[in-house]
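Just below is one structure, and these are the notes that go with it.
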Amino acid sequence: MRHNSKKKHLGRSTSHRRAMLSNLATALLRNGRIRTTEAKAKEGRRLAERMITFAKKGDLHARRQTLRVIRDREVVKRLFDEIGPRFQDRQGGYTRIVKLDPRLGDCAPMVILELLDETKSETKKGAKKSSPAPAGSKKQKSAGKKTKAKVKAGDTKSKETQPASADDESKKKKRSKKTSEKK
């Protein structure tokens, strides 16, 4: 019977795996988002969310437990001063995994692991939660198509409001002279 087999080993020794996940959580808390493989992101998310839970407690013991994993004191300070209070009303689920295209070299599934951008005012009961669409999403692409379609359809308000310069008029006269000479 295999006890304590809940975690993924990721093809690494115990010390290498702990160091890698510690670095992953540190980078996530420092930058807010990281790009990594799906398996590493799922394991790193567990550790990062545990650190945010410690930051929500805010006491000295929680800070010392966090310093065991995250060795950078500046990141721990940011975690306890900014990130912890930001998620004070939230009961878990502080991160999000967004899937990307596979990596070109070995076709490994790649993802973006990021912290949620919610604040206290957005998480009030009855308020509708809305998050900005990630880069390259369908909402942004469809909005871009609409603006391109308007321009193609002849929506030239910006051109009409700008006064024509003397250079533009002289170019038009030269073109009309050239076309009349050819005929």
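The values are calculated or read from the model by the stated rules, or taken from the named source; none is laboratory data. Bear in mind that the values here come from a model prediction, so they are computed numbers and not experimental data. No Cβ is skipped: glycine too gets one built from the backbone with ideal geometry, and neighbour counts run over all protein chains shown.
Sort through Arg71, Arg18, Arg2, Arg50 and tell me the only one that's under 25 Å from the mean Cα position of the chain (by Cα) and not in a helix (DSSP H, G or I).
Working: Arg18 fails: not in a helix (DSSP H, G or I); Arg2 fails: under 25 Å from the mean Cα position of the chain (by Cα); Arg50 fails: not in a helix (DSSP H, G or I).
Answer to the selection: Arg71.
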(request) Please specify each residue of the stretch 104-118 satisfying the condition of being surrounded by fewer than 13 Cβ atoms within 10 Å (Cβ to Cβ) and of a type in the set (Gly, Ala, Ser). (result) Gly105
(request) Kindly provide the set of residues from the stretch 26-50 that are under 19 Å from Gln91 (Cα atoms) and either of a type in the set (Lys, Arg) or touching a Gly at 6+ places or on another chain (Cβ under 9 Å) (or both), ordered by number. (result) Lys42, Arg45, Arg46, Glu49, Arg50
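Let's see how each residue does on (1) modelled with pLDDT of 95 or more; (2) in contact with a strand residue (DSSP E or B) (Cβ under 8 Å, 6 or more places away or on another chain); (3) in the same structural domain as Pro109 (by TED's automatic domain parsing):
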| position | (1), (2), (3) |
| --- | --- |
| His3 | no, no, no |
| Arg17 | yes, no, yes |
| Met20 | yes, no, yes |
| Thr26 | yes, no, yes |
| Ala39 | yes, no, yes |
| Gly58 | no, no, yes |
| Thr66 | yes, no, yes |
| Asp89 | no, no, yes |
(request) State whether the residues of the stretch 77-84 include one that is assigned by TED's automatic domain parsing to the domain that holds Ile112, among the aliphatic types (A, V, I, L, M) and not in a helix (DSSP H, G or I). (result) no
(message) Going residue by residue through the stretch 35-53, is there one that turns out to be free of Cβ contacts under 8 Å to residues at least 24 places away in the same chain, of a type in the set (D, E, K, R), surrounded by 13 or more Cβ atoms within 10 Å (Cβ to Cβ) and over 20 Å from Ile97 (Cα atoms)?
(response) no
